[in-house]
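The structure appears right after this line, and notes come after that.
Where a number appears in this text, it was derived from the coordinates with a stated rule and is not lab data. All of these numbers come straight from a predicted model, not from anything done at the bench. Cβ: placed from backbone, ideal geometry, glycine included. Neighbour counts: every protein chain shown.
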Amino acid sequence: MNLKSPWTFYGLQEQVRSQRHPGAPTKAVPYLPAKKLVEAVNLAIYLNRPLLLEGEAGCGKTQLAKAVAYELGVPFYPWYVRSTSKAREGLYTYDSLLRLYDVHTYQLQPQPGSEAPSSGGARKQSRDPSVAANYVRYGPLGQAFKLADCPAVMLIDEIDKADLDFPNDLLTILDDPWSFTVEETGKVVTAQHKPIVIITSNKEKGNLPAPFLRRCLYYYVEFPEDVERLKQIVAKHSELGATKPPDSEVLDRASRRFIELRKDGGLHKKPGTSEFLDWLAILTEAHETTEALTRLGAENPPHPELLFKLRADWQRFAGTQ
């Protein structure tokens with residue numbers, strides 16, 4: 001099955017992709033977005049607003065940003081948020097300890113006209129500690145702002161992992177005039193090309209602040225609860241060499257069993273796309289194709305360790321195997 005690319009970027013793809021940036025992803029991403037999701041991405045680009053994605057784990061939220069960067073041929077800057085993350089870290093970090101170390105080693109170096117140490121001695125200092133800019137390291141968001149020749153795709157992944165101040169702190173950055181100041185040097189960095197910002201959330205700590213939500217466009221990514229759609233996703237992965245082409249009968253029966261488990265299995269944690277692809281890859285192995293077809297019809301599916309990630313689900317469908 002040869003699937004035509006579903007991506008169309010209104011007024012932007014033709015301008016950017018014809019001159020692919022050397023920092024753009026080089027490997028195609030096997031991502032098959034819904035038409036409405038493509039429309040949401042286009043609206044975010046046109047309005048210069050962040051696109052906030054929600055949806056269950058494994059529905060493809062994180063992969064979307066990289067897929068957009070590849071299709072546009074622009075750099076991709078991911079920022080994987082942690083519980084301790086602060087908004088400033090995405091812009092830049094300042095290494096004051098390294099500067100202090102360099103000041104110390106600089107003082108140990110022989111000055112012009114003085115005799116060098118007869119043995120040993122401090123190594124030659126390559127950074128000038130009197131220049132604060134030598135100790136500034138730009139984060140993923142800062143790099144996206146500094147990109148001079150095209151917009152970048154910026155992923156802020158799992159924003160809800162950080163504290164509540166984190167999204168509000170981003171509001172002043174992801175809005176006009178799209179700039180920030182490096183406090184240690186006084187330099188103002190203004191985005192020459194406003195980045196395409198895609199944000200994901202799993203609602204781990206509840207709802208995000210209302211002012212932040214007002215600033216974003218919102219899209220809920222639903223898992224494709226449809227056998228044919230699931231087959232198209234598999235075909236896309238196979239077409240790009242990400243997975244081995246599966247046996248057609250195994251693919252059909254595995255897709256139907258997988259959707260059945262998700263809809264009627266009463267699972268506490270439903271498996272996502274990555275679990276399905278791993279499961280299908282094992283079922284596709286030639287030496288167990290016949291056995292797989294038989295076991296797919298049983299109450300307990302084969303290889304449950306690939307599908308069930310919570311004890312309650314495991315005990316229900318795999319505990320007696």
Practice problem: Order the peptides 272-282, 72-82 from the highest to the lowest mean number of other Cβ atoms within 10 Å of their residues. | Solution: 72-82, 272-282
Quiz item: Residue by residue through the stretch 41-52, which ³J(HN,Hα) values in whole Hz follow from phi under the Karplus form 6.51 cos²θ - 1.76 cosθ + 1.60 (θ = phi - 60°), with glycine and proline marked x?
Solution: 4, 4, 5, 4, 5, 5, 8, 6, 10, x, 9, 8
Quiz item: So how much slack lies between ASP149 and SER274, counting 0.36 nm per residue of separation and subtracting their Cα-Cα distance, in nm?
Solution: 41.5 nm
Quiz prompt | Nonlocal amide H pairs with ILE199, under 5 Å, H built at 1.01 Å | solution = LEU51, LEU52, LEU53, ILE156
Exercise. List the residues whose amide H sits under 5 Å from the amide H of LYS187, counting only those 5 or more places along or on another chain, with H placed 1.01 Å from N in the peptide plane.
Key: VAL182
Exercise. Could you list, in their original order, any pairs among LYS35/LYS203; LYS270/LYS309; LYS35/LYS161; LYS203/LYS270; LYS263/LYS309 whose Cα atoms are separated by more than 19 Å?
Key: LYS35/LYS203; LYS35/LYS161
Exercise. Would you mind counting up the charge near ARG256? Only other residues with Cβ under 13 Å from its Cβ, with Lys and Arg at +1 and Asp and Glu at -1.
Key: -1
Quiz item: Label LYS36 and HIS303 with points 7 Å out from Cα along Cα→Cβ: what is the distance between them in nm?
Solution: 3.2
Quiz prompt | Partner aspartates and glutamates for LYS27 [C-alpha distance under 12 Å; skip if fewer than 8 residues away on the same chain] | solution = GLU71
Quiz item: Any idea what the dipole of the stretch 29-93 comes to, in debye rounded to 20, about its Cα centre with Lys/Arg Cβ at +1 and Asp/Glu Cβ at -1?
Solution: 160
